[in-house]
Each structure stands twice: as structure tokens, then as C-alpha cells.
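*Asks:* Take a look at the following structure, please.
The values are calculated or read from the model by the stated rules, or taken from the named source; none is laboratory data. Only a predicted model underlies this, so the values are computations on that prediction, with no experimental measurement involved. Here the Cβ is made from the backbone with ideal geometry for all residues, glycine too, and neighbour counts use every protein chain on show. Accessible surface areas use protein heavy atoms only, side chains included; no ligands, DNA or RNA. Shrake-Rupley method; radii C 1.70, N 1.55, O 1.52, S 1.80 Å.
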Amino acid sequence: MRWFWYASPQTFFPLAGTIARWCGVAAVLLMIVGLTIGFFVAPTDAQQGEAYRIIFIHVPAAWMSMFLYVVMACWAAVGLALNTRLSGMMAAAIAPTGALFTFIALWTGALWGRPTWGTYWVWGDPRLMSELILLFLYFGFMALHAAIEDPRRADRAAGLLAVVGVVNIPIIYYSVQWWNTLHQGASVSLTSAPKMAATMLTGMLVMAVAFWMYSIAAAMLRVRCIIRERGDASRS
Amino acid sequence: MSEFFAMGGYAWYVWGSYGVTFFLILMELILLIRRGKQGEKQA
């Protein structure tokens, strides 16, 4: 692979289209498999009944919301350090999809909280608050980027915000350990056996990969729009 | 079939989650494709 060849927007433009197509196909197929497992294979939960089936979108969406932020901040950091044009475009292309998954995590969390905790929302709960702050960080990034007319300056200013905001990610992740919260601890971790049935875990992981593929496809479609709008696609 | 859609009494919570999720994903795709077509025209 000639990495630096692809670091230029013109040469990346057609590659982004190919990646978007394949990841889009993979996302659709994986979602069909994941939802089939989630609704027809995974058994009813002994304590929560059918309400737990929200897990198949809630947990993957929450993972994506944090993961996409880290990826966005990494691109922003590369752009700030090396002043490469494509990096800022990538960060800007990821932000709306990250915000989308953050909102989905909050929305499905609220709808899951009502039947299990007895409430849609609790102001001041550390897990809920830190995830809400994540949504505001995405919105802040997008608003700041949109407010500055020169795209390179917008990339740098919003990129700085993205890099600083990354401190919120470990706060979200560890909030269930550091403070008292209604939210349960991690159900899946690398250091211990998963605390759920195998079919439930499989459905959840398949949906996570599906959301991953979708995010890549959406970011690639958006970065193509950005490249074209900035007039960098002319030579392709 | 109706038992499936009833979700053991949790229909609003389960379908409310899935409905909004897939609605938003679809909206994002539509907006992206529209934005792409607009760019194509101007280019």
C-alpha cells in the first residue's frame, strides 16, 4: 500500500467510494443476521422479559458513540500535528455519525430505563450525564466547524476541541465504577467471562460489527461530499 | 404474530428504540446521498 499516495484528497476520493460500497453491503447483511439472532434466536430474559431486546442496539450504539469520538479525535490530532488536509476532512466526516450513535444510545437507554429502573432519565447520574456531554461535544465540534468559513481554519479550531474533549471518554467508560449510578457495570470485558447467554452475546457482537460497518460507510460517503465541496476532487 | 409485536407488554420500549434508530439511520443516508448528488451537479 502506498499510504502517502492515499493521504491526498484527490486520490482518496475513489477509494472512499469503494470502501463505502463494501462496508454498506456488509452492514446490511450483518444487521439482518444480528436482528434475526436478536429477535428469534436469543431467549426471553428471565428478569426483564422482552424489554432486554433493546440491548442489541443500545450497547453497540454506545460503543460506537465512544469509539467514533476517539477515531475523530485521532484524525484531528494528526491534522493538527502534520497539517495534512485529509485528516481534518475525516474528522469532520465522522462527527455527525458519532452524534447519531450518541443520540441513539441515549434514546434507547431512556426507553430501557423506564421498564427496568422506573424512569426514563435521571439528572445527575454520572453515566447518563457523561454520555450527554459526549453528545454536546459532537454538537460543539460541528457547530464550531460550521461557524468558521475557511475550511482549514475550521479543521484546526474544531480539531482542538475534539482533542481536548477526549478526556470525557474514560469518564464515560469508568463512570459505572467511580460513582454510584443506576447504570449497570460492563456486561462484556476482556478480563472476565461475559455475564450473559451466548446467543445474546453473539447477537450483540454481530450488531456491533454491523454498526461499525455502517459508520465507516457513512463517514466515507460524507468525506467524498466534503472533498468535492472543497473542490479537491477535480483531478479524479 | 401479534404476540411477537406485543413484546410481552414492552412494545413501546422495544419498537420505540428500534423504530427511532432505523429511522435516523435512514435519514442520515438520504441526506448523505442528496448532498452527494448536489455536489455532483455543481462539480
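*Asks:* Within 9 Å of chain B (Cβ to nearest Cβ), over 28 Å from A:Val167 (Cβ atoms) and not β-branched (Val, Ile, Thr): which single residue out of A:Ala51, A:Ala26, A:Ala61, A:Ala16 fits that description? Show your work before the answer.
*Replies:* Details: A:Ala26 fails: within 9 Å of chain B (Cβ to nearest Cβ); A:Ala61 fails: over 28 Å from A:Val167 (Cβ atoms); A:Ala16 fails: within 9 Å of chain B (Cβ to nearest Cβ).
Unique residue meeting the criteria: A:Ala51.
*Asks:* Mind checking which residues of region A:120-147 are assigned to a loop (DSSP other than H, G, I, E, B) and either aromatic (Phe, Trp, Tyr) or open to solvent by 40 Å² or more (accessible area, probe 1.4 Å) (or both)? Steps first, answer last, please.
*Replies:* We begin by selecting, within region A:120-147, every residue assigned to a loop (DSSP other than H, G, I, E, B); these are A:120-125.
Matches in region A:120-147: A:Tyr120, A:Trp121, A:Val122, A:Trp123, A:Gly124.
*Asks:* Okay, next question. Being buried (at least 18 other Cβ atoms within 10 Å of the Cβ) and either at pLDDT below 90 or farther than 23 Å from A:Phe56 by Cα (or both) narrows it down to one residue among A:Gly185, A:Gly231, A:Gly203, A:Gly165; which is it? Give the steps one after another, and end with the answer.
*Replies:* Values: A:Gly185 fails: buried (at least 18 other Cβ atoms within 10 Å of the Cβ); A:Gly231 fails: buried (at least 18 other Cβ atoms within 10 Å of the Cβ); A:Gly203 fails: either at pLDDT below 90 or farther than 23 Å from A:Phe56 by Cα (or both).
Residue meeting the stated conditions: A:Gly165.
*Asks:* Write out, first by first residue and then by second, each pair whose Cβ atoms fall under 7 Å of each other, whose residues are 6+ apart or on separate chains, and whose first residue, in region A:105-130, is under 24 Å from A:Glu50 (Cβ atoms) while the second is in a helix (DSSP H, G or I) and aromatic (Phe, Trp, Tyr).
*Replies:* Final answer for the pair search is A:Leu111/B:Tyr13; A:Trp112/B:Tyr13; A:Arg114/B:Tyr13; A:Pro115/B:Tyr13.
*Asks:* Need pairs with beta-carbon distance below 6 Å; first residue on the phi > 0 side of the Ramachandran plot and within region A:41-59, second open to solvent by 20 Å² or more (accessible area, probe 1.4 Å); sequence gap 6+ or separate chains.
*Replies:* A:Gly49/B:Gly8
*Asks:* Check off (1) more than 14 Å from chain B (Cβ to nearest Cβ); (2) buried (at least 16 other Cβ atoms within 10 Å of the Cβ); (3) at pLDDT below 95 for A:Gly159 and give me the number that stays unchecked.
*Replies:* Of (1) more than 14 Å from chain B (Cβ to nearest Cβ); (2) buried (at least 16 other Cβ atoms within 10 Å of the Cβ); (3) at pLDDT below 95, only one is false for A:Gly159: (3).
*Asks:* Sort through A:Thr36, A:Thr84 and tell me the only one that's free of Cβ contacts under 8 Å to residues at least 60 places away in the same chain and among the hydroxyl-bearing types (Ser, Thr, Tyr).
*Replies:* Details: A:Thr84 fails: free of Cβ contacts under 8 Å to residues at least 60 places away in the same chain.
Exactly one residue qualifies, and that residue is A:Thr36.
*Asks:* Just for region A:7-27: of the residues that are among the β-branched types (Val, Ile, Thr) and loosely packed, with under 14 Cβ neighbours inside 10 Å, which one is farthest from B:Gly8 (Cα to Cα)?
*Replies:* A:Thr18
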